[in-house]
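Below is one structure; the comments refer to it alone.
The values are calculated or read from the model by the stated rules, or taken from the named source; none is laboratory data. Just so you know, these numbers come straight off a predicted model, no measurement behind them. Here the Cβ positions follow ideal geometry from the backbone for every residue, glycine too, while neighbour counts run over all protein chains shown. SASA here: full protein model, heavy atoms, side chains in, ligands and nucleic acids out. Shrake-Rupley method; radii C 1.70, N 1.55, O 1.52, S 1.80 Å.
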Amino acid sequence: MVSISKGNSKLGSIRSVSLPSVITCRKCDCQKKCYARKLERIRKSVSRAYQNNLAILNSDPDTYWREVEAAIMLSRFFRFHVSGDIPDEQYFQKMIEVSERNKHCEILCFTKKYEIVNDFLKSGGRIPPNLHMIFSGWVDLQMVNPFLLPEAHVRYRDGSTTAKPDAIKCNGNCTECAITDGGCWTLKSGEQVVFDEH
């Protein structure tokens, strides 16, 4: 059975599905400070849940997507990958298909797998309006964003950031932003959000 989170202190009551950190992510210095990786080390039940999700995805993808879509069907808001990232092009295609079938649900996904999204758009693909793809930045990681998708940047503990001065500051609660039509859920082309390193 796929583990679907009912929320946490940051997400509020927004449901999500996650995969293991690092092994589904691109190589990046962010892994040295990854909060999801730390959580997986501290809470073995969380680590087991994410590993289980990946095992089901790899061994029985139909079940994985059936259970993920069932959760989305019953949700107004949903997030892909509090931990982990889009494993490959086929996974992203399934995200597109599920979003198209569930227009009632606003779906959020941060990714550093820029090339998967860019290749899809270059080939003439269209991201459904209810699937909010946000490119996630990290210092010294080149973000290739020719389609000007929304971006998320970090304000590091030393005060430095790669965000533009007019970036929207994350208030730390996804549910609050969702119900007030703010933050990541409503970022437009070329806009950025900045959140404090955590």
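Structure values in brief
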| item | result |
| --- | --- |
| Index of the failed condition, G124 passing every other in (1) crowded, with 18+ Cβ neighbours inside 10 Å; (2) of a type outside the set (F, W, Y); (3) modelled with pLDDT of 95 or more; (4) at positive phi | (1) |
| Count of region 67-83 residues which are closer than 20 Å to A55 by Cβ, touching a helix residue (DSSP H, G or I) at 6+ places or on another chain (Cβ under 9 Å) and part of a helix (DSSP H, G or I) | 3 |
| Residues (polar (S, T, N, Q) and under 11 Å from I4 (Cβ atoms)) located in region 49-74 | N53 |
| Residue list for region 91-112, filter: open to solvent by 10 Å² or more (accessible area, probe 1.4 Å) and either among the acidic types (D, E) or in contact with a Lys or Arg (Cβ under 6 Å, 6 or more places away or on another chain) (or both) | E97, E100, E106, K112 |
| Given (1) open to solvent by 70 Å² or more (accessible area, probe 1.4 Å); (2) modelled with pLDDT under 75; (3) assigned to a loop (DSSP other than H, G, I, E, B), index of the condition V22 fails | (1) |
| Failed item, numbered, when P87 is tested on (1) under 20 Å from N173 (Cα atoms); (2) modelled with pLDDT of 95 or more; (3) not hydrophobic (A, V, I, L, M, F, W, C) | (1) |
| Pick from region 127-161, criterion over 20 Å from F78 (Cβ atoms) and of a type in the set (V, I, T), ranking: surrounded by the fewest Cβ atoms within 10 Å (Cβ to Cβ) | V144 |
| Yes/no for R41 being at pLDDT below 95, surrounded by fewer than 16 Cβ atoms within 10 Å (Cβ to Cβ), touching a helix residue (DSSP H, G or I) at 6+ places or on another chain (Cβ under 8 Å) and in a helix (DSSP H, G or I) | yes |
